[in-house]
Structures are given as structure tokens and as C-alpha cells.
Amino acid sequence: MKSFFESMVNIVRGMGDALWFLCDILGHILCGRIRIGEVLKQVYEQGVQSVIIITLTSVASGMVLALQGYVAMSRFGAKEYISHLVALSLVRELSPVFTALVFSGKAGARITAELGTMNVNSQILATKTMGVDPVEYLVVPRFLGTIIALPVLTIISEIVGIAGGYLIGVYEANIPGAFYINQTIKAIRYVDFFSGFIKVAFFSFIISWVCCYQGYFTRGGSLGVGQYTTKAVAYSYIYIIISNTLLTKFILTFWG
Amino acid sequence: MIELTNVSKTFSGQKILDDISLQIGTGEIVVILGESGTGKSVLLKHIIGLIKPDQGHIKIDGQDISRLSERKLLNVRKKIGFLFQEGALYDFMNCFDNIAFPLREHTRMKERVIKEKIQKILKLIDLQGVEDKLPSQLSGGMKKRVALARAIVLDSKILFCDEPTSGLDPIRSRDISDLIRNVSKELNCTTVITSHDIKNSFRVADRLILLGKGKIIADGNRSFFEQSNLPQVQEFIS
Ligand SMILES: Nc1ncnc2c1ncn2[C@@H]1O[C@H](COP(=O)(O)OP(=O)(O)OP(=O)(O)O)[C@@H](O)[C@H]1O
Ligand SMILES: [Mg+2]
């Protein structure tokens, strides 16, 4: 009973720390304590590092969607509408979620591991002793890097995924190319795009928060870096999947 | 002028600093001696405000460090050079950028001037040619010297060095001790060094302080230490 109570207290305290840390970061951003050069460096590092794997995932999911869609739609004699299936699934659901999951495993893990290593090697303390604010110099750029890179990657993923579907649609299902593209453009309405985009915005916020927090508060040497990095990725996955379910329900209720 | 009054600190039930009071005058070079684990690093981290005392006050030039907000502390620290025991160089930057970091952050020096300055410092620490190397490509002793260069590059009036000579060979230890003394005397810089290397401590210090069990056991100059008949002191210097 006592240990249950203690662990509850610890959880609440952890949430308090994480919230406080988030307020600190947002405070820096609102006060304009942003180092543009560092942010761009992070966007580049996090974004470029993930481009290949996200492209691969997206092409594959676009193709698989089209292949499965071909089978399913053919039963109703509606194979022309593969393009709708592919485009809507990607834009509304799959691209945001897949990109966020892959991104947290690559760039998110990297953020935590970097900050964690700096922490256990006293580099964060050293930053303070040199009169430089470590949140401003080390955390805010990583935080904003994720917030900027992930939406861009998601758009890349949507385009590439639709291209993957196009390949199958045109060469496998023999739908005319121009028709396929036309149908795709018709299929995606603003609401589809934005409902996906709200999700991405939310996910990028979660990933950057979780991964920066875990890294900045890493303890326990190189062992700790491993543990906290794994934790950061696991938490990101869980929060992405749970919030995706809630957001989907929420968005469907308000926009249909 | 650095002033500690009744500073105490307990870590998980263990009293590391026990009611320590201490004054260090401007331009003085003080070496804090003590066995491993007595709290030398903890004491230094208190003086620069990385750790807050449970009780007591720490003043630098009249300003109470233990009361300042984190943002004000950052401003105070711009005037202070600090060498970490483990070096703590940024491992994503090469040595040049590491040493240049404080200059780029806190001065408006032109890149050309920075370059000249760093060449000069690298010569002082006998490490010409490491500019483009990453810290991970250096030996432990080399890292330490680069970290020392970073600590002194701003010509601060206050310098803290946590074990500047541990991990160095005897000749380098001597050279680094002399370097710290020269730099410090040239700038009339208040210097606090921790060490358990008694020979070089005698070489560099104006005044030595022996720490044990959270208390100051002995405090005096070289001849005081050599003539002292306190058992802890004799044990330490023999
Ligand atoms: N952040 C901390 N949290 C808990 N305990 C700590 C912390 N920092 C230091 N300690 C404890 O304080 C004691 C003194 O540590 P400190 O690093 O000051 O020793 P030291 O005198 O510098 O030793 P060395 O000569 O080996 O560097 C140690 O027992 C250590 O376990
Ligand atoms: Mg120490």
C-alpha cells in the first residue's frame, strides 16, 4: 500500500517537473530567446536524418494500400476509386501517424541520447558555468527543430505515398494516369488535409516535449542514457497512439 | 573577494559540508586539498551556484550567490572561469570552437582576433595543431588542457579549477600548475583550485586548505603545512 502511494507521488511529481520544464521552454520561445542558426541546424539534422526511412515507409504503405484497395474495390467493380482510398487514408491517418512513429524512433531518440550524454558528462552544467542558458542553447533549438521538421516530413510522406499508390494504380490496375491524378486531387478536401495536419502538430509537440525532457533529466551515466532514451521512445509511441485515437474521435465529431 | 559563511550541505543523509566558513581575498590563489570524496568538487560547485547550500551564504564580491535567480546567476558566471574535473567539453564541437565558445558568446571579438587569441592559448598549453580535432579524439590529459584553455580564455577575474592536474604526467602537471599561477598573477585573478597532488599544490598556492569530514582541518601557507603537527596534515603531505 505504501509503495503504491509512493509511486503515485512519484508519478505526480514527474508530471509536475515535466510541465514546469515545458513552461520553461515555452517561456524562452515567447521571450524570443531563440537561436535561429541552432534551430536551422536541428531542422536539418533531424529532418535529413529521417527523410530516407520515411520515404521508404510511405512508398511502401502507399503501394500496399493500392494493392489491397485494388482487390477490395474490384469486388464492387469500383477500381477507379483506388485513388480516393489511397489519398484519404494517407492524408487523414497513415502519414501523420507513421511519420510520427518513425520520427520519434530516429530523431526523438537522437535528441534524448544527445541531451542525456551531455547531461551525464557535465556539459549542461558547463554551459551554465560559462554563463550560457542551457535551455536556450541546447533545448529550445531541438524542441523547435522537431516542431518544424515533423510537419514537413509528413507532407513529404503524403506526396511520396500517393506516388506509390499511383504506380500500382497505373501499372497494376491499369487506371489511366491523368485520371488517377485528377481523382486524387478531387478526393482530398481541405478538411482532410487539416485534420491530418492537426494531428501532426500535436504529435510533433509531444515528441519534442517527451524527448527533450527525458534527455535533459537523464541520470546515471551511460547506462542512464540508454534507459532514458528507450523510455523517451516508448513514451512517445504510447502518447502518439493514445492521442491519435482521441484526436480522431474529436475531429470526426466536429468536422466529419 | 569570496566569502562563505556557515555553509552546510547534506546529500542523502550524509553531511558533505558541515558549517564551513571561509574567506578568499582578491588575487589570492587557494588550493583546497582533501581525500577523494570529501566534497572538494561539491564545495566548488557551491561557490559558482551549481549547488545551493542547505544552510549558509556564499558571497562573490558582496553578491549573495545562494539567493540569486538562475538568470542572474548566469550573468555572474560570465565573470568566472570554471574548469570541470571531467573537462566537460562539448563533444559536438572541435577544440577550436570549444575554446572559442565563451568568446563568441560574451564578446564582440572578430573571428580573426579570436583565432589569434586561441593560437596563443594553444601554445601556452602546448597543444598546437589540435584545433580541428573533436574532444573524443584526444587523450584524457589533452582534453583537460583544452578545457583549461576554455576556462581561461575570457581572462576572467575569478578562476575555479577542479583538479587541473589529475590525469596528467608529472612534467605536464608542473607546467600546468605554473601556467595557472602565471595567468592568475598576471591578471590578479582570484583562483580556487582543488587537488590531491600536494607537490604541485605547494608550487601554485598562496594558501592551502585541507578539507576532511566536511570541515576545514587546516588553513595556511606552505610553511604552515610543512611545520604542522596535526596528524591529518602530516598524513596528507608525507
Ligand atoms: N549531486 C550529488 N548528489 C548526491 N551526492 C553527491 C552529489 N555530488 C557529490 N555527492 C557526494 O558528495 C561526496 C563528495 O563528492 P565530491 O565530488 O565533492 O568529492 P571530491 O572531494 O571532489 O572527490 P575527488 O577528489 O574524487 O574528486 C561524495 O560522497 C559524493 O557521493
Ligand atoms: Mg572532485
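A few notes on this one:
- Residue A:131 fulfils the conditions (1) in a helix (DSSP H, G or I); (2) within 30 Å of residue B:85 (Cα to Cα) except for a single criterion, (1).
Here is a yes/no grid of residues against (1) within 22 Å of residue A:126 (Cα to Cα); (2) more than 13 Å from the chain's Cα centre (by Cα); (3) modelled with pLDDT under 90; (4) within 16 Å of ligand 2 (Cβ to nearest atom):
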{"position": "B:158", "(1), (2), (3), (4)": "yes, no, no, no"}
{"position": "B:165", "(1), (2), (3), (4)": "yes, no, no, yes"}
{"position": "B:180", "(1), (2), (3), (4)": "yes, no, no, no"}
{"position": "B:202", "(1), (2), (3), (4)": "no, yes, no, no"}
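- Flag for residue B:85 being within 19 Å of the chain's Cα centre (by Cα), open to solvent by 10 Å² or more (accessible area, probe 1.4 Å) and either within 16 Å of ligand 2 (Cβ to nearest atom) or not assigned by TED's automatic domain parsing to the domain that holds residue B:213 (or both): yes
- Considering the stretch B:1-22, and only residues there that are over 22 Å from residue B:220 (Cβ atoms) and more than 16 Å from ligand 2 (Cβ to nearest atom), the residue that is nearest to the other protein chains (Cβ to nearest Cβ) turns out to be B:12.
- Subset of the stretch A:104-128 that is within 8 Å of chain B (Cβ to nearest Cβ), assigned to a helix (DSSP H, G or I) and open to solvent by 20 Å² or more (accessible area, probe 1.4 Å) - its residue that is nearest to residue A:208 (Cα to Cα): A:114
- Meets criteria (more than 16 Å from ligand 2 (Cβ to nearest atom) and either more than 14 Å from every other protein chain (Cβ to nearest Cβ) or open to solvent by 20 Å² or more (accessible area, probe 1.4 Å) (or both)) for residue B:63: yes
- Sole residue being away from every other protein chain (no Cβ under 12 Å), under 23 Å from residue B:189 (Cα atoms) and either within 13 Å of ligand 1 (Cβ to nearest atom) or open to solvent by 70 Å² or more (accessible area, probe 1.4 Å) (or both), chosen from B:46, B:57: B:46
- Scan of the stretch A:47-56 for residues that are at pLDDT below 95 and of a type in the set (S, T, N, Q), ordered by number: A:49, A:50
- Residue check, residue B:25 more than 12 Å from ligand 1 (Cβ to nearest atom), touching a residue at least 24 places away in the same chain (Cβ under 8 Å) and within 14 Å of chain A (Cβ to nearest Cβ): no
- Filter pass, residue B:166 being within 16 Å of ligand 1 (Cβ to nearest atom) and in a helix (DSSP H, G or I): no
- Test for residue B:40: is it away from chain A (no Cβ under 14 Å) and within 12 Å of ligand 1 (Cβ to nearest atom): yes
The values are calculated or read from the model by the stated rules, or taken from the named source; none is laboratory data. These numbers were taken from a predicted model, which means no experiment stands behind them. Methodologically, a virtual Cβ is constructed for each residue, glycine included, from the backbone with ideal geometry; neighbour enumeration extends over all protein chains shown. Areas reflect the complete protein model, heavy atoms only, side chains present, ligands, DNA and RNA absent. Shrake-Rupley method; radii C 1.70, N 1.55, O 1.52, S 1.80 Å.
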